[in-house]
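J.: Before I ask anything, let me first share the structure, which is written out below as structure tokens.
The values are calculated or read from the model by the stated rules, or taken from the named source; none is laboratory data. Fair warning: this is a prediction, and the values are worked out from it, not measured in the lab. Because the Cβ atoms are built from the backbone with ideal geometry, glycine has one as well, and the counts that use them run over all protein chains shown.
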Amino acid sequence: MKKTGWNLLVLACSLLLGTGPSAWSQPAAKPQPAAGVSIQEIQLRVFDRQKDALVPPEESSDPYGMNSDAVLVVRIQGTWEGEGALVLKLSASAPTESSEATGKDPGWKVTQSRKLSALSENGVTSVPFLLPYDCSSQVKVTATLTGPGVKSSKTFSTSFPCAE
């Protein structure tokens with residue numbers, strides 16, 4: 001076969017298989033994340049070390065919070081099939097406070113991140129964060145979800161109450 005005939009045969013086969021010049025000129029389609037991936041809510045739970053259980057704050061067996069840990073659960077709505085991982089960042093802080101019973105509390109700030117390679121197929125994924133339970137009447141929590149084509153943020157105000 002002549003060189004020109006060989007080139008035409010390769011060109012014809014590549015066009016039939018979708019690997020010819022038209023396919024070369026367009027980049028391959030990347031998987032796209034499902035629309036609407038976002039933070040649905042943030043919930044506060046308490047891990048009661050005495051009960052060895054996750055409970056609502058008002059059901060903790062230690063009214064002073066000394067035998068408890070805070071568990072903040074971030075619920076994400078949507079599914080993810082995108083390229084790369086999502087990152088969920090949680091920041092929680094409490095201002096300086098003082099009371100007659102406890103004196104001056106200097107306040108605190110905690111930041112944690114979680115890498116999420118996949119989300120639940122049913123459309124709701126719960127991601128827990130474990131924090132020290134430091135008593136405060138005002139706790140501000142911000143969760144931020146980022147990734148390719150995804151940016152969602154939610155703020156939650158709560159308290160880590162303790163008996164005085």
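J.: Under the condition of being touching a strand residue (DSSP E or B) at 6+ places or on another chain (Cβ under 8 Å) and without any contact (Cβ under 8 Å) to a residue 40 or more places away in the chain, which residue from the stretch 81-106 is surrounded by the most Cβ atoms within 10 Å (Cβ to Cβ)?
T.: Going through the qualifying residues, I end up with Asp105.
J.: Which residue is farthest from Pro63 (Cα to Cα), if the candidates are limited to the stretch 97-146 and must be charged (D, E, K, R) and assigned to a loop (DSSP other than H, G, I, E, B)?
T.: Ranking the candidates gives Glu121 first.
J.: Tell me yes or no: at least one residue of the stretch 64-80 is surrounded by fewer than 19 Cβ atoms within 10 Å (Cβ to Cβ), without any contact (Cβ under 8 Å) to a residue 12 or more places away in the chain and of a type in the set (Lys, Arg).
T.: The answer is no, given that none of the residues of the stretch 64-80 is surrounded by fewer than 19 Cβ atoms within 10 Å (Cβ to Cβ), without any contact (Cβ under 8 Å) to a residue 12 or more places away in the chain and of a type in the set (Lys, Arg).
J.: Separate question: Filter the stretch 115-164 for residues that are loosely packed, with under 15 Cβ neighbours inside 10 Å and among the basic types (Lys, Arg) and give the result.
T.: If the condition is that a residue be loosely packed, with under 15 Cβ neighbours inside 10 Å and among the basic types (Lys, Arg), then Lys115, Lys151 are the ones that fit.
J.: Among (1) at pLDDT below 95; (2) among the hydrophobic types (A, V, I, L, M, F, W, C); (3) under 19 Å from the mean Cα position of the chain (by Cα), there is one condition Val73 misses while meeting the rest; what is its number?
T.: (1)
J.: While we're on this one: Consider only pairs whose beta carbons are under 6 Å apart and that are at least six residues apart or on different chains; among these, list those whose first residue lies in the stretch 144-164 and is more than 20 Å from Ser38 (Cβ to Cβ) and whose second residue is of a type outside the set (Val, Ile, Thr) and surrounded by fewer than 17 Cβ atoms within 10 Å (Cβ to Cβ).
T.: Close Cβ pairs satisfying both conditions: Ser159/Ser137; Cys162/Tyr64; Ala163/Pro63; Ala163/Tyr64; Glu164/Ala101.
J.: Conditions first: (1) farther than 20 Å from Ser38 by Cβ; (2) in contact with a strand residue (DSSP E or B) (Cβ under 7 Å, 6 or more places away or on another chain). Pro63 passes all but one, so which condition is the exception?
T.: Checking Pro63 against (1) farther than 20 Å from Ser38 by Cβ; (2) in contact with a strand residue (DSSP E or B) (Cβ under 7 Å, 6 or more places away or on another chain), the one that fails is (2).
J.: What's the total number of residues in the stretch 111-132 that are touching a residue at least 40 places away in the same chain (Cβ under 8 Å) and of a type in the set (D, E, K, R)?
T.: 1
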